[in-house]
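First up is the structure itself, then whatever we jot down about it.
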Amino acid sequence: MKRLCFLGNSHVAAVRLAIGEMQEYCVAKDVEIDVFGSQRNSLRAAEIKNGVVTSSSKFVRNNFQWTSGGMSELDIGRYDEIVVLAGLSLFSSAHYQANAEVPFVSSGLADAILAHRVKEDWAINLAREIAQANRSVTVTHIGSPLISTQSPRAKKFISSYHEVGSEFGVRAKQLKTLITQKVAALGESNFRFSPPPSAALEDSGFFTEHVYCQGSVLFTPEANEEHKRDDFSHMNAKYGRLVVEHVLS
Amino acid sequence: MTSFYSDLEERAFWKTGVADKSALALADLYRKKWDIQPDWKIGTAGSCFAQHIARHMRQNGYSVLDVEPAPMGLAPELHQSFGFGMYSGRYGNLYTTRQFRQLIASAFDKDPEPYLIWEKGGRFFDVMRPNIEPAGFESREEAVLARDYHLERLRELFLTADVFVFTMGLTEAWVHRESGRVVPLAPGVVAGEDVADEYVFENFSLEDVVSEFRAAMDLLRSVRRGQDMRFLLTVSPVPLTATATGQHVLAASTYSKAVLRTAAGQLCESHDTVDYFPSFEIITNPAARGTFFAPNLRSVLKEGVDVVMKTFFAAHPPQITELGTEAEPAPARNVDDVQCDEQMLEAFGR
C-alpha cells in the first residue's frame, strides 16, 4: 500500500473534498491518503522535530487535527510521498512577467529568478526540510494552483497569447519550455517540483481552466461555504481529484 | 557711467553668481526652456550619471518610461546587474551620441546587420550592452533572441516618449571597423579579446558629437512621422576612468567634457526642443572645492547628486501624488552604486 500525504494551506481543501469522493479509486490504487492543512502562511510556524512536522502554534496543531482526522503532527516516516500544496508554483508565469508583458527570458535570468523564489518561499523551504529530514520519503512541491483563466491577469495573457502574428505567444511558449527544463533541474535526491496536473490547464499551460475554480470551497471542517466569485486562486474538488490522480500517475 | 554689464543680474557675475553663493544652493543657475508636463512620458539614456536623474525623476512622480521592466520574480538587488531599472530600456550605458543614434537606427532597421556578439569561455555577450547579462548568454542564438526583443521594445520607447533625458558621457569610443558601430566598452574588458583587431579607437570631435545628435533627432522625427521629441541634455561630471588617446587622462578628460559641454550648448542654442540642465557645472563648480567627489576624485557623492536633483526639481517641481505627498525617495547613492561599464577599465590600471 502507498501512503500519501498532502500538506499545505487553504489549497488542500480541494484535495480533502476530492478524496472524500474517491474511496473506490483509492482502494483500487491501494493508496491511503492523509491531508494536513493550516491557513495562509501559518505553516511558516511549522518546524521539523524528531521526524515530525509540528508547530509551537496551537492554531496550526488544531488545523492539522481537523484536516487529518485527529493527528496534530505529521509523522514524516509514515508516508511514501508528501506533496506540498502551498507557496507559489514555480511553474507560474507570474515570476517572469513584467506587468502584463511576457519578456524574453534568458537562461541566466531564469536561473536568477528561480534561485530567488526558492530562497524566499517558505513553503518550498519547508518541503525541502521535510525531504532532508527523511531521505526515504519522496517530497513533491506542487504549490498553490495556477490562477483561473477568468482572473484579469489570465484574461489579458490569454488574449495576447492567441493574438495572430503576436510574438507574445512565441515567447510564452519559449518561457514554458525554459521553466520546465530549469525547474526539473532543481530537483535533488528525494525532493522534486511538479507542475499542476496538465489536464487542469488551458493551452498556454500557465492558468487553470475556470471550470476547476468554480464552486471552490473554503478551508473549513464543514466545507460548506464557497469562496467569493472573484476568488481565482482556490480550486474545487474536481481539481483536487486531478491533483490526486496526477500524483499517483 | 554705464556699461553693457551695468544692468545685468547677479547671476551674470562670478562674485555674486558663484563666489558669494553656497555650492549647495546656486541660485538661478538653471532657467528651463519649457515645463515638463505631468502627462509627458519621459525616456532616459546616457552615461551612468543619467541613472541618478532617471531614478530621482521616477521617485518624484514623473512618468519615466520603462519599456523593459524587471520580471516580478527577480530579486531587487539583481535588477541592476541584469540591466533593469537603469534607464527606460535595457540598453545599459550609452556614452556617446553616435551610439545613441545607432541604437535608434537599429531599432527601426528593417534589414539589420548581423548583431555583434562576443564569445568568452563558452558564454556569449551582446556587444552593444555587454553588462546586461552578468554571466553572458548561454548561446549565440539566445543573445540574438534577447536583442530582437530588446529592439522591439525600444521601438515603443522611441515612438511614445515625449521628452528624452540624455546624459553625454564620453567622446572616446571603440568602433567596429567593418560596420562602423560604436560599442560601449573596449574589446577585451568583458570579452572580445580575440576580435580586438576588428575595432578601432576614435575620439569624437565637437562636429561629430553635434552632427550625430542631430541625426538622432532627425531619425526620431522621421519614425515619429514628423513629431519632434524634446530633449533635456546633461553632461556627466564623472571624469574619464582611462584614456586611449595617449594623452594624460586629466587632459583627455578635460577635452572630452569640454567637447560634450560645447556640443550640448550648441544643440540647446539651436533647437527649441533641446534644453540643457547644468549638472556638470553643479558638481564641478569651484565653490564646491571638489567636495562632491568621492576620495577617488571621480565618483559623485550622494551630497552632490542631491544638489543636482534639488536644482532640477526647483525648476521642474516634483509631481504631487493623489494623496498630496511626494513619493518617498529611495536612499541616494554615489556613482559607485550605479552601473558604469567604464569603471571596469580601472582593473587595467596600475
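Compute the acute angle (0 to 90°) between the alpha-carbon long axis of helix B:302-315 and the principal axis of greatest extent of the alpha-carbon atoms of chain B; round to the nearest 10°. It is inclined by approximately 70 degrees. The mean count of C-beta atoms from other chains within 10 Å of the C-beta of residues in B:62-69, rounded to a whole number, is 2. Diagonalising the gyration tensor over the Cα atoms of region A:2-248 and scaling each eigenvalue by 5 before taking the square root yields semi-axes of 30, 21, 16 Å, largest first. Region B:37-103 and region B:152-193 have Cα centres spaced 14 Å apart. Coupling constants for region B:239-250 follow from the phi torsions by the Karplus curve (6.51 cos²θ - 1.76 cosθ + 1.60, θ = phi - 60°), and in residue order they are x, 4, 6, 7, 10, 10, 7, x, 7, 5, 4, 5 Hz; glycine and proline get x. Sites listed here are trypsin sites (Lys or Arg not before Pro) in region A:16-48 whose DSSP assignment is loop and whose Cβ has at most 13 other Cβ atoms within 10 Å: A:ARG40. For region A:11-55, backbone nitrogen atoms closer than 12 Å to the point 7 Å from A:MET71 Cα along Cα-to-C-beta are found at A:32-37, A:52-54.
Kirkwood radius, region A:123-166, all distinct C-alpha pairs, inverse of mean reciprocal distance: 13.4 Å. Note on chain B: with a GNM built from Cα contacts shorter than 10 Å, the maximum mean-square fluctuation among B:VAL163, B:VAL300, B:VAL223 falls on B:VAL223. Amide H contacts of B:LEU232 (H built 1.01 Å from N, in plane; Pro and chain starts excluded): B:PHE164, B:VAL165, B:PHE166, B:ASP275 sit under 5 Å, all sequence-distant by 5 or more or on other chains. Inter-chain Cβ neighbour count for B:155-164, averaged per residue, equals 0 (cutoff 10 Å, partner chain atoms only).
Straight Cα distances below 20 angstrom link A:LYS228 to the aspartates and glutamates A:GLU209, with same-chain residues fewer than 8 positions distant left out.
In the P(r) worked out for the protein assembly as shown, what percent of Cα pairs fall beyond 34 Å? Tail of the P(r) past 34 Å holds 52 percent of the pairs. For chain B, the relative contact order is 22 percent, taking Cα pairs closer than 8 Å that sit 6 or more residues apart in sequence and dividing their mean separation by the residue count.
Remark: for residue pairs A:LYS156/A:LYS176; A:LYS176/B:LYS120; A:LYS119/A:LYS182; B:LYS32/B:LYS302, the C-alpha separation exceeds 20 Å in A:LYS176/B:LYS120; B:LYS32/B:LYS302.
Here the Kirkwood formula, the inverse mean of 1/r across different C-alpha pairs, assigns region A:1-84 a hydrodynamic radius of 12.9 Å.
Just in region B:1-110: which chymotrypsin sites (Phe, Trp or Tyr not before Pro) are loop by DSSP and have at most 10 other Cβ atoms within 10 Å? Loop-located and lightly packed - B:PHE4, B:TYR5. What does the convex hull of the alpha-carbon atoms of region B:126-212 project to on average, in nm²? The Cα convex hull of region B:126-212, projected and averaged over all directions, gives 7.1 nm².
By the compact-protein rule of thumb, 2.2 N^0.38 Å, the alpha-carbon radius of gyration of region B:41-107 corresponds to a ratio of 1.10. Note on A:LYS29: aspartates and glutamates with a C-alpha under 15 Å away, same-chain residues under 8 apart excluded, are A:GLU21, A:ASP80, A:GLU81, A:GLU245. Taking only the alpha carbons of region B:38-348, we obtain Rg and Dmax values of 18.5, 58 Å in that order. Of the trypsin sites (Lys or Arg not before Pro) found in region B:261-302, those in coil by DSSP whose Cβ has at most 13 other Cβ atoms within 10 Å are B:ARG289. Computed over protein heavy atoms with a 1.4 Å probe, the accessible surface of chain A works out to 43 Å² per residue. Bridge orientation summary for region A:2-248: considering DSSP beta bridges with both residues in this region, about 35 percent are antiparallel. Between A:GLU129 and A:ARG40, the C-beta separation translates, for a Förster distance of 22 Å, into a calculated FRET efficiency of about 0.70. Relative to the dominant Cα principal axis of chain B, helix B:97-108 is inclined by about 50°. Below 8 Å, C-alpha to C-alpha, sequence gap of six or more: please give me the relative contact order for region B:201-280 in percent. In percent, rounded to a whole number, it is 40. Each residue, B:VAL18 and B:ASP35, gets one label point 7 Å from its Cα in the Cβ direction; the gap between the two is 3.3 nm. Comparing Cα centroids, region A:171-204 and region B:255-304 end up 51 angstrom apart. Rg and Dmax of region B:1-127, both derived from C-alpha coordinates alone, stand at 21.5, 77 Å. Electrostatic tally near A:GLN150: other residues with Cβ closer than 11 Å to its Cβ, Lys and Arg +1, Asp and Glu -1, net -1. Listed by chain and number, the lysines placed with their C-alpha closer than 28 angstrom to that of B:LYS110 are A:LYS173, B:LYS41; residues fewer than eight positions away on the same chain are left out.
Among beta bridges from DSSP that stay inside the protein assembly as shown, the antiparallel ones total about 40%.
The values are calculated or read from the model by the stated rules, or taken from the named source; none is laboratory data. In this text the structure is predicted, and so the values were computed from the model without any measurement. Backbone-built Cβ (ideal geometry, glycine too); neighbour counts: all protein chains shown. These accessible areas exclude ligands, DNA and RNA; they are computed on the full protein's heavy atoms, side chains included. Shrake-Rupley method; radii C 1.70, N 1.55, O 1.52, S 1.80 Å.
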